[in-house]
Amino acid sequence: MIAEYFRVETQQLQDACLADVKDLADWEAKREGYRRQLLEMLGLDPLPERTDLKATVTGRAEHEEFVVEKLHFQSRPGLYVTASLYVPRKVEGRLPAVLYVCGHGGSKKDGVSFGSKATYQHHGGWFARNGYVCLTIDTLQLGEIEGIHHGTYRYKMWWWLNRGYTPAGVEAWNCVRALDYLQSRPEVDPDRLGVTGRSGGGAYSWWIAAIDERIKAAVPVAGITDLENHVVDGCVEGHCDCMYMVNTYRWDYPLVAALIAPRALLLSNTDRDRIFPLDGVIRTYEKTRRIYELYGAGEKLGLYMTSGPHKDTQELQTGAFRWLNRHLKNDDALIEKTAVKFFEPEQLKVFDQLPADQRNTEIHESFVPAADAPQVPPDAAAWQTMRDGWRTALREKTFRAWPASPAALDVAQALSAERQGLHFEAFDFTSQDAIRLRLYVVHRAGLDKPESVVLNVLDEQTWPDFLAAMRPAFEAEFQGESLPPPDEAAFGKTSETLRNAPLVLAYVAPRGVGPTAWDQSERKQTQHQRRFYLLGQTLDGMRVWDVRRTVQALRSLDLIGKTPLSVQGRGPAAGVALYAALFEPGIRRLELHALPRSHRDGPYLLNVQRYLDIPQAVAMAAENTDVLLQPAEAADWEFPAAVVQRLGWNRQRLQFGQTE
């Protein structure tokens, strides 16, 4: 199921990419809006302040044809970029300059990082020997100060999604400031700047070329492909987080390349690259070419393919060198000099001792700031403005991927059984194209007019509890499930409750839980969650949609209809229930057990902490729904408690329980 879901969602984005561009005037009208969206998705809107670079040269490495200045600058205070500046010994007039952005080729000995600039030094050396100034910058992760690229890939930092943070934004900003530095150099012609790099550097090449028009020619090498390769074909599993924007606006990647038009762009790759496959590179080129042709600039877009794997080959180097020569120097001569390394990594090291004020290792904590805690609104009008702003942000920035035109629910009974005085049913329904879920309903036998319904939102921890509680009477209805031991006490408690009350208990396991669980290996769990955010979603965000659709499916049942409905969940699933109640009408009560006090601990929702956190969502829910938090103290939920009191809402709107 999940593979088909990813295929369907990817196809929708692929079909929509650039499809609405009618002509050049239409593209020009939209182009700046797209650029602002890209900046936002990189965590760069608004752009950070261009603070003093504090550029410092710490030493030099000598070659008979050029000099390497070992330097560092601060793209933001404390965010250090270590670099090598390659300058020809003969400088006549101002020279074109190339920003070389490194890939994931580190250089490290005895625990000391010399930076990826040492690995890729042969590129800078070639440019300097051929009449360029070249600034080669280290990456955040593989610089002399080692930051983090693998937050979601390796370290389970899913809260990055809440913040709208990606290390791609840090790399893009470092590139912007690198261009500032190049333009400050007397040897550099500020109007002839190019960029290239391979693998990760290929990705950074197109980020900077797309957002900064000072780049006149770009050659991203083995760093570009489309969503189909990343999501459907699984290339995401070979890439760290620095390769991806936070896809709020649900782009496919040709739109990034199109923003470079009509400036010179060469897409360069090998034909057997496993992580940037040939077919996706060609699809990206074909879609981008249409925009270049609107400008009458088809010759400014190139596709360069050579034989080989994902490797820094001489053939790829030659293509990049010729393209930049042509577009920055008006030189179409053959390449006579090869790119070779001249220095030991130690010779290119910038720092003798790492700076104490560095923020590189923790920049993910502050690069995209969380919203400040709000003041309690003084009156109903102020509250309405605050609430409406949050609601709009949630709809446009967090839940944008929810279907605009939902599929038919297509509710179908899957099973029905009656034992030990209880009636048990299950219904399958469509939450979204390719996502069929199962809703379980249990009540006393013969009940025809329930007075209340409680929907339980299950997760990976509570699904086994549900199975254990149902197994004593309904084991046969769970054929094919891996069942835990029966919990007679839980069944007895549930049975007694239902026999003594006109109550319906309903249960749903959102996507990825229970009947729709996918590969449970840690790797697949991680990589599937990453696929969601490449599609402009999060798994938890789409589970909120699943709960909304479950409520709709419940309402469609003759037994339920308009019966008063409560929804409850535990831990992050309580947060999923909370957000469902903000958007799905008709939920009378929320029982939220062990609700996290911050999204830092889940649920993980795209961009949410740029605007609000869980206490603000609780206040929003309490306006129209009775909310019970337990175990909880009012002092731990100061903001929603203060809102209820200040605005004179019924105190029942927000209650705190001390026990489960």
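Each value in this text was obtained by applying a stated rule to the coordinates, not by laboratory testing. Just so you know, these numbers come straight off a predicted model, no measurement behind them. Here the Cβ positions follow ideal geometry from the backbone for every residue, glycine too, while neighbour counts run over all protein chains shown.
Numerical summary
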item: At most 15 other Cβ within 10 Å, DSSP loop - chymotrypsin sites (Phe, Trp or Tyr not before Pro), segment 517-594; result: TRP518
item: Cα shape, segment 574-660, gyration tensor, a/c 1.5 rule; result: rounded
item: For segment 170-280: Kirkwood Rh in Å [reciprocal of mean 1/r, alpha carbons]; result: 14.5
item: Amide H contacts under 5 Å for ASN607, placed H, 5+ residues apart; result: ASN162, ARG163, GLY164
item: Amide H contacts under 5 Å for GLY657, placed H, 5+ residues apart; result: LEU629, GLN630, ALA632
item: Calculated from backbone phi, Karplus (6.51, -1.76, 1.60) coupling profile of segment 411-419 in Hz, x at Gly/Pro; result: 6, 9, 5, 9, 6, 8, 8, 9, 8
item: Nearest-ten-degree value, helix 522-534 long axis tilted from longest Cα axis of the chain; result: 80
item: Bins of 20 Å, starting at 0 and running to the largest distance - Cα pair percent for the chain; result: 18, 44, 27, 10, 1
item: Cα gyration tensor shape for segment 322-401, rounded if a/c is under 1.5, else prolate or oblate; result: oblate
item: Derived scalar couplings ³J(HN,Hα) [segment 558-567; Karplus, 6.51 cos²θ - 1.76 cosθ + 1.60; whole Hz; x for Gly, Pro]; result: 4, 5, 8, x, 9, 4, x, 10, 10, 10
item: Stokes-Einstein diffusion coefficient of segment 381-493, Kirkwood radius over Cα pairs, 37 °C, 0.692 mPa s, in µm²/s; result: 190
item: Likely footprinting exposure, SER521, SER598, SER205, fewest C-beta neighbours within 10 Å first; result: SER521, SER598, SER205
item: Where Rh is the Kirkwood radius over Cα pairs, Rg/Rh for segment 2-332; result: 0.95
item: Distant-in-sequence amide H partners of HIS423 (H built 1.01 Å from N, under 5 Å); result: HIS443, ARG444, ALA445
item: Length-normalised contact order for the chain - Cα pairs under 8 Å, 6+ apart - percent; result: 13
item: Ascending count of other beta-carbon atoms within 10 Å, so fewest first, for ILE224, ILE215; result: ILE215, ILE224
item: Nitroxide proxy distance, nm - points 7 Å out along Cα→Cβ at GLN479 and HIS63; result: 7.2
item: Environment charge of PRO450, counting only residues whose C-beta is closer than 15 Å and scoring Lys/Arg +1, Asp/Glu -1; result: +3
item: Net +/- balance of residues flanking ASP212 in space, Cβ distance below 11 Å, scoring K and R +1, D and E -1; result: +3
item: Helical contribution to [θ] at 222 nm, DSSP H n ≥ 4, -39,500 (n - 2.57), averaged over the chain, rounded to 500; result: -10500 deg cm²/dmol
item: Segment 485-576 shape via C-alpha gyration tensor axes, a/c threshold 1.5; result: oblate
item: Beta bridge orientation in the chain: antiparallel %, DSSP, nearest 5; result: 45
item: Full-extension gain in nm, LYS109 to SER598, via 0.36 nm per residue minus C-alpha separation; result: 172.0 nm
item: Folded to 0 to 90 degrees: helix 200-211 orientation relative to the chain principal axis, Cα; result: 90
item: Cα-based equivalent ellipsoid of segment 412-656: semi-axis lengths in Å, sorted from largest, via gyration tensor; result: 29, 24, 16
item: Given LYS22/LYS311; LYS108/LYS156; LYS109/LYS524, the pairs whose alpha carbons are separated by over 30 Å; result: LYS22/LYS311; LYS109/LYS524
item: Least to most buried among ASP252, ASP636 (fewest other Cβ within 10 Å first); result: ASP636, ASP252
item: For segment 13-27, Karplus couplings with θ = phi - 60° (6.51, -1.76, 1.60), whole Hz, Gly/Pro x; result: 5, 4, 5, 7, 4, 6, 5, 8, 7, 8, 7, 4, 4, 5, 4
